[in-house]
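The values are calculated or read from the model by the stated rules, or taken from the named source; none is laboratory data. On a predicted model such as this, the values are computed, not experimentally measured, just so you know. Quick reminder, even Gly has a Cβ in these numbers, built from the backbone with ideal geometry, and neighbours come from all protein chains shown.
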Amino acid sequence: MRFHYRTIINNYLNKKVSSLILQRKRFNANDVIIVFAEARGGSTWLMEILMKIPNVCINWEPLHFSGVVPNEFNFSVKPYIYKEDRSTNFISFFKDVHTLKISNKWTRKYITLYSAINCNQIITKYVNASLLIPWFMENFEFRHKPIILLRHPIDTTISHIKAFGKNKGYLDELEYSSLVHNKKFKKDFDYINGLSSILEKRIAFWCMNNSNTIQKLNDLDVCVVFYSDLLINPKKEIKNILKNSNLKINEKDLDSMNFRKASKTNFKGDFINDPLKQLNKNFKNLEKEKKDRIQKIFDYYDLKLYSAYSPLPKKEYINN
C-alpha cells in the first residue's frame, strides 16, 4: 500500500509540478534540438539515445492528435505550410512549443520532476512533419542542425501497418485537400486512389509527404541521418550526429549505451538484433511484381534516393 501511495505522489509531481517548473524556465526557441521522422521511422529509438545528453528533456510529438495544435489551425495529419508563409500565429505557436510554454500531458510524457528541474535543453521529436521542414528552416535560426531521420518507405510503411493496422490514419489522410494549404495535393489523391493495394497507397502517401522535401535537403542546413546507417553502425552515426548538430555527450555514457536494444515502440516484438537481417526482412518477403509496382510509385514522385529493390539509400543524391 505504501508503494501504491508513493507511485501516486510521484505521478502527480511528474505531471503537475514539472509543468509549472518548465513554464517558469526561459528557453530560447532557436536552441531546441529537433528530430524529424515519419511515424515508424526510428525516431523513438534515436530519441532514447539522445536522452543521454546531459540535462535534456523531451518534447514528445506536439503535432500528434493528442498534442497541442489549436483546432483553428486546421492542420492535417501531416501538416504543410508554404515556406513563404510569414503568419505570425504559426511562428508564435511553434516558438511556444519549442520552449515548452505550450505543452500537455501527451507532449510531457517523457518528462519527470527530476528532468524538469535539471532541464536546460529541449529535444522536440516530430513525426509526420516532413512538409514543414522548409518552412521551419526559413523562419527559425536553429543553433543545432535539425536531425532528419530517413528510413526506407517500404520498411516504414510495412512497420506502420503491422503496428497500427491497415487503415490507421488513412481516412484522415483522405481529407488532405480540405485542410490548410493542402489543395495542392488534389492530383496526388486522384493518383493514390487509383492504386491497387493499401501497401501501395500508403507508400504513395509517404512519397507525397517526403519526396518534395527530400529533393530540397541539399539546400537546407540540416543533419540527414539514414536509419540503415544508424542500424549498421550506431555508435559511429551517433558521434556524427553529435558533431554535425553541435551537441555533446559524455564519452562514458556513449560507451555504456545498448545500441541493439529495441525502442519502446517495438509493439509487436519483431525487431531483429542482426542489423542486416533487420534491414532485409521486408524486401526478402516482397514478390518482384509488388516491387515493380512500388518502383513505379517512386518514379511517379521522382524519388531517386530509394529503390524498391534495395533497403539501402542511394546516398549520392544527398550531399550531407
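Being part of a helix (DSSP H, G or I) and buried (at least 16 other Cβ atoms within 10 Å of the Cβ) is the filter; apply it to region 171-190 and report the residue that is modelled with the lowest pLDDT.
Residues of region 171-190 part of a helix (DSSP H, G or I): 171-173, 176-178, 182-190.
Still in the running and buried (at least 16 other Cβ atoms within 10 Å of the Cβ): 173, 176, 182, 185, 188-189.
Details: Glu173: 60, Tyr176: 64, Asn182: 77, Phe185: 81, Asp188: 87, Phe189: 83.
This residue is Glu173.
When the residues of region 131-159 are filtered to those that are at pLDDT below 95 and within 13 Å of the chain's Cα centre (by Cα), which remaining residue is farthest from Asn280 (Cα to Cα)?
Filtering first and then ranking leaves Leu131.
Of the conditions (1) modelled with pLDDT under 90; (2) under 24 Å from Ala129 (Cβ atoms); (3) polar (S, T, N, Q); (4) loosely packed, with under 15 Cβ neighbours inside 10 Å, Ser76 clears all except one; give me its number.
Among (1) modelled with pLDDT under 90; (2) under 24 Å from Ala129 (Cβ atoms); (3) polar (S, T, N, Q); (4) loosely packed, with under 15 Cβ neighbours inside 10 Å, Ser76 violates only (4).
With respect to Glu48, determine if the residue is at pLDDT 85 or above, surrounded by 11 or more Cβ atoms within 10 Å (Cβ to Cβ) and in a helix (DSSP H, G or I).
Numbers: at pLDDT 85 or above: yes; surrounded by 11 or more Cβ atoms within 10 Å (Cβ to Cβ): yes; in a helix (DSSP H, G or I): yes.
Taking the combined requirement at face value, the residue satisfies it.
Within region 194-226, work out how many residues are of a type outside the set (A, V, I, L, M, F, W, C) and either closer than 17 Å to Arg40 by Cα or assigned to a helix (DSSP H, G or I) (or both). Don't jump to the end; show me each part of the working.
First, pick out the residues of region 194-226 that are of a type outside the set (A, V, I, L, M, F, W, C): 194, 196-197, 200-202, 209-213, 215-216, 218-219, 221.
Right, trim to either closer than 17 Å to Arg40 by Cα or assigned to a helix (DSSP H, G or I) (or both) and you get 200-202, 209-213, 218-219.
Total satisfying the criteria: 10.
Take Lys296 and tell me if it is out of contact with any Cys (no Cβ under 8 Å at 6 or more places or on another chain), at pLDDT 85 or above, closer than 20 Å to Pro234 by Cα and among the basic types (Lys, Arg). Break it down into steps so the answer makes sense when it comes.
Working: out of contact with any Cys (no Cβ under 8 Å at 6 or more places or on another chain): yes; at pLDDT 85 or above: yes; closer than 20 Å to Pro234 by Cα: no; among the basic types (Lys, Arg): yes.
The answer is no for Lys296.
Out of everything in region 133-154 that is closer than 21 Å to Phe205 by Cβ and in contact with a Lys or Arg (Cβ under 6 Å, 6 or more places away or on another chain), what residue ends up being surrounded by the most Cβ atoms within 10 Å (Cβ to Cβ)?
It comes out as Trp135.
Which one is farthest from Lys291 (Cα to Cα), of the residues in region 193-234 that are touching a helix residue (DSSP H, G or I) at 6+ places or on another chain (Cβ under 8 Å) and charged (D, E, K, R)?
The selected residue is Asp221.
Looking at (1) at pLDDT 85 or above; (2) assigned to a helix (DSSP H, G or I); (3) surrounded by fewer than 18 Cβ atoms within 10 Å (Cβ to Cβ); (4) not basic (Lys, Arg), which one does Tyr5 not meet, given that it meets all the others?
Of the numbered conditions (1) at pLDDT 85 or above; (2) assigned to a helix (DSSP H, G or I); (3) surrounded by fewer than 18 Cβ atoms within 10 Å (Cβ to Cβ); (4) not basic (Lys, Arg), the odd one out for Tyr5 is (1).
Out of region 287-314, which residues are without any contact (Cβ under 8 Å) to a residue 60 or more places away in the chain and farther than 16 Å from Leu199 by Cα?
Keep residues of region 287-314 that are without any contact (Cβ under 8 Å) to a residue 60 or more places away in the chain, which gives 287-289, 291-292, 295-296, 299, 304, 307, 309-310, 314.
Those that are without any contact (Cβ under 8 Å) to a residue 60 or more places away in the chain and farther than 16 Å from Leu199 by Cα: Asp299, Lys304, Ser310, Lys314.
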